[in-house]
Ligand SMILES: CC(C)(COP(=O)(O)OP(=O)(O)OC[C@H]1O[C@@H](n2cnc3c(N)ncnc32)[C@H](O)[C@@H]1OP(=O)(O)O)[C@@H](O)C(=O)NCCC(=O)NCCS
């Protein structure tokens, strides 16, 4: 029998332990090469970051009927000048935002959000939860942001497929950090700019 569909709601600091447990389970360094075929997280977020994001209203979670976190998604503003970034990947994206363009405008000239990480417990993948996360976050943040930006590892075809076909994000660049390649994607989060 299919597990009962989880509930999607705004996350709070009380959900962070569950979010961290999923993050750890699906972090690339904790998966075998076969498991990575179903997607993986490239970054462990710095200590305290999920608490800050939740307090700012940027965390959504999916919880099962026992109250366990089985998925999460983050939508957050870009780091402010001088603020610590969660990783060299995010740092590179912030600087690329000043040169890359989307629909004829520099990305940093938009009101833009960072989207991600997003992660779903394998028991609930392929159940439409990804689409529900997209709908709920668009409704929640469309007045605040015009576009969202995100990265996907070039070795994560499952995530590339969902972001391009289900979120309708467009790859605007591919960049390298260390030995790894990442796609830089943009999607329309709010009302399309004039
Ligand atoms: C990425 C993730 C959030 C997507 O959620 P999901 O519930 O798995 O998404 P769906 O099942 O709705 O869609 C997955 C799609 O990828 C396709 N797919 C699965 N494996 C694939 C692969 N190896 N290569 C290409 N496409 C693949 C599926 O066929 C499906 O497409 P379809 O619905 O058109 O047939 C989830 O897989 C996940 O949490 N993965 C681990 C963490 C992760 O990768 N996060 C994103 C980091 S950028």
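Could you identify the single residue in 100, 150 that is in contact with a strand residue (DSSP E or B) (Cβ under 8 Å, 6 or more places away or on another chain), modelled with pLDDT of 95 or more and under 18 Å from residue 163 (Cα atoms)? Give the derivation first.
On the way: 100 fails: under 18 Å from residue 163 (Cα atoms).
Checking each option against the conditions leaves just 150.
Taking segment 132-177 on its own, how many of its residues are under 13 Å from the mean Cα position of the chain (by Cα) and within 29 Å of residue 33 (Cβ to Cβ)?
Qualifying residue count, segment 132-177: 13.
Quick one: is residue 122 under 28 Å from residue 70 (Cβ atoms) and away from the ligand (no atom under 15 Å from the Cβ)? Can you show your working first?
Values: under 28 Å from residue 70 (Cβ atoms): yes; away from the ligand (no atom under 15 Å from the Cβ): no.
Judged against the criteria, residue 122 is not a match.
Output the residue which, of all residues in segment 131-171 that are outside any helix (DSSP H, G or I) and surrounded by fewer than 16 Cβ atoms within 10 Å (Cβ to Cβ), is farthest from the ligand (Cβ to nearest atom). Working first, answer last.
In the first step, residues of segment 131-171 are kept if they are outside any helix (DSSP H, G or I); the result is 142-156, 166-171.
Remaining after also requiring surrounded by fewer than 16 Cβ atoms within 10 Å (Cβ to Cβ): 142-144, 154, 166, 168, 170-171.
Numbers: 142: 21, 143: 25, 144: 22, 154: 11, 166: 6, 168: 13, 170: 15, 171: 13 Å.
Of everything passing the filter in segment 131-171, 143 is farthest from the ligand (Cβ to nearest atom).
Which ones in segment 91-111 are surrounded by 15 or more Cβ atoms within 10 Å (Cβ to Cβ) and without any contact (Cβ under 8 Å) to a residue 60 or more places away in the chain?
The answer is 94, 97, 108.
The values are calculated or read from the model by the stated rules, or taken from the named source; none is laboratory data. Since the model is a prediction, treat every value here as computed from it, not as a measurement. Don't worry about glycine lacking a Cβ; one is built from the backbone with ideal geometry, like all the others, and counts go over all protein chains shown.
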